1. Which of 62, 209 comes first, and how do the rest follow, when ranked by fewest Cβ neighbours within 10 Å?
2. Take the alpha carbon gyration tensor of region 112-245, find the square roots of its eigenvalues, order them as a ≥ b ≥ c, and report rounded if a/c is under 1.5; if not, report prolate when a/b exceeds b/c, else oblate.
3. Return the distance in nm (one decimal) between the two label points of a simple spin-label model at residue 132 and residue 201, each offset 7 Å from Cα along Cα→Cβ.
4. Report the gain in length on full extension from residue 102 to residue 117: 0.36 nm times residue separation, minus Cα-Cα distance, nm rounded to one decimal.
5. What's the exposure ranking of 132, 179, 101, 94, going from fewest to most Cβ atoms within 10 Å?
6. Order these by the 10 Å Cβ neighbour count, fewest first: 73, 53, 217.
């Protein structure tokens, strides 16, 4: 993102370092520890596969967050052709987009909502992310079932790399119900996510199961009364999905 002092790859590694360390340890053990001949080939093959996934996930992360045009936000023009007068940014513990959006929409009223709750977002990576990147000034604590925003008051809501941290279907449905409530008629939800699909599985291996299939986002959005209103493939690994009230 523009203005970052640390690369996107560096931050992802800092947030998830125990996972990478465990993967490297398992890879080293599989490759170096003497094993009986029947077990040697499967262990070596598994170590090579794990090493390949670690390397590909790091390369994919670097490409998406540091080299692609994702954080230029130029692609927003097609998805949100009318500049919002009032919008919200919804995060689940890590917000790296609200300062950039404030620059892009300097005349709009912005509300920044943080849904983080340690009983809901239990991933250690989220705790480390919050320690390294505190919420921006003015961020309002919120609960996914009760967003502190008046009904029908927003032109747009941005949920970027955040909704997948809600690991229960009921939590996702509750949040999208609230997002639909706070949008005014014609208002748009911009959802940006990795999806659990072939490109992400190829790049991240088992880590892709931390993401959800695109059909899951379609299910919770339409279940909340929001209609599909376009989208864009920002990279083969990241998709922007737009839903309209």
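All of the numbers you see were taken from the coordinates with simple rules; none came from a lab. Predicted model only: the values in this text are computed from it and were never measured. Because the Cβ atoms are built from the backbone with ideal geometry, glycine has one as well, and the counts that use them run over all protein chains shown.
1. Numbers: 62 17, 209 11.
By the 10 Å Cβ count, ascending, the order reads 209, 62.
2. On the way: a/c = 1.72, a/b = 1.11, b/c = 1.55.
Oblate is the answer for region 112-245, as a/c is 1.5 or above yet b/c matches or exceeds a/b.
3. A separation of 2.9 nm, rounded to one decimal place.
4. On the way: separation 15, 0.36 × 15 = 5.40 nm, distance 2.51 nm.
Contour length minus the Cα-Cα distance gives 2.9 nm.
5. Working: 132 12, 179 27, 101 20, 94 24.
In order of increasing Cβ crowding within 10 Å: 132, 101, 94, 179.
6. Details: 73 16, 53 20, 217 23.
Lowest to highest Cβ neighbour count: 73, 53, 217.
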